[in-house]
Amino acid sequence: MKSKEHELMSTSKGFEVIQGAKAADGRSVADTLPRFVRVREITENNLVEFDFAIGEPDLFVELVLPKAAFDEFCIKQNVQMMTEEQCRMVDQEMEKWRIGEEAFAKRNQTES
């Protein structure tokens, strides 16, 4: 019988994390995963609207923080700002979910 620490969890990308497993430096495996941020907007009252992802940039939560708290969050989470290519890929995946894969493929064929 496997202990709870060795249960396997998978994401939709086939990304696997062993719950409770430790990295060589003693941190949990989840703490070693890359963290991504994509700033969507900075409002007039200095709030930062952004996407935050752990592991893969396309599975994210939308967050809003005051600018100072956002800066602190990014430092504490050791985030990577998403590249233009990552943003484009995330946007394409979101579009596929909105209109369906078949419609997305047809639209891309007509644009080529």
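Go through region 70-86 residue by residue and tally those that are under 15 Å from P34 (Cβ atoms) and surrounded by 12 or more Cβ atoms within 10 Å (Cβ to Cβ).
Within region 70-86, residues that are under 15 Å from P34 (Cβ atoms) and surrounded by 12 or more Cβ atoms within 10 Å (Cβ to Cβ) number 8.
Consider A21 against the criteria (1) touching a helix residue (DSSP H, G or I) at 6+ places or on another chain (Cβ under 9 Å); (2) surrounded by 15 or more Cβ atoms within 10 Å (Cβ to Cβ); (3) at pLDDT below 85: it satisfies all of them except one. Which criterion is unmet?
All conditions are met except number (2).
The values are calculated or read from the model by the stated rules, or taken from the named source; none is laboratory data. Since the structure is predicted, the reported quantities are computational estimates derived from the model, not experimental observations. Counting neighbours? That spans all protein chains shown, and the Cβs are built from the backbone with ideal geometry, glycine included.
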